Amino acid sequence: MTKDKTQARRDHLAKMRAQQKAKERRTALLMWGVGGVVIVLIVGLVGFYLVKQAKETSLDAVVSAKYPGSVHVPAKVSYKETPPMGGEHHEVWQNCGIYEAPINNENAVHSMEHGAVWITYRPDLPKDQVDVLKEMASSDYMLLSPYPGLPSSVVVSSWNKQLKLDGADDPRLPKFIQKFKQGPETPELGATCDSELTTTTAENPIPEASPTPTGSPAPSGSPTAEPEASPSPTSS
């Protein structure tokens, strides 16, 4: 009888061990399953974020043109784009910096010929957004000014490149600046953006027509020594 009890106890312990091992296997499988789901979710979320970020910062909407450089004119120019992104311009370039009032297209275009990026914004843009733009335009080779009649809240331009934005917080703006400031299409890459011309349109307007030579001095600023060339073609 004792022998039967001992065997029964052994069988019972063996059964308990088998049940415990089976439970441990189920727990391990459950943990691996949950872990796998978590990993899949994390990978999916990271992938979604990267795709979303790439889409939000894409520069596919940048408009391009084919304006040659070094085409100087002494009068106002009728530009195809608003604001312009290249073409004929005044011999004096605008001193790079931040302006509280509109500046002459013709002077700003010359600055872009030297590699500057010109950020323009509607005059009614909220102050907090203007402050963001001022921070971005605080480095070298940057122009910032209000511009009445813009096709969007903010437009950023460099030579032969332009992008319309809905606001100052658009993540494409810093990417545009990084890519196109002193960009590969800059006609006079490395030329200075410093100039004595720091006036606005209201203070120093460009004449509507070419003035008759009278020996009078040229407008203030730092003119280039570039020769004039034939008029530029329209953008493509």
Strands (runs of 3 or more DSSP E) lying entirely in the stretch 97-185 (those with 2 or more residues that are open to solvent by 10 Å² or more (accessible area, probe 1.4 Å)): 161-165
Count of residues meeting criterion [in a loop (DSSP other than H, G, I, E, B), open to solvent by 30 Å² or more (accessible area, probe 1.4 Å), modelled with pLDDT of 95 or more and of a type in the set (Gly, Ala, Ser)] in the stretch 59-96: 2
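The values are calculated or read from the model by the stated rules, or taken from the named source; none is laboratory data. From a predicted model like this one, the values you see are computed outputs, not experimental measurements. Just the protein is used for accessible areas: all its heavy atoms, side chains included, with ligands, DNA and RNA removed. Shrake-Rupley method; radii C 1.70, N 1.55, O 1.52, S 1.80 Å.
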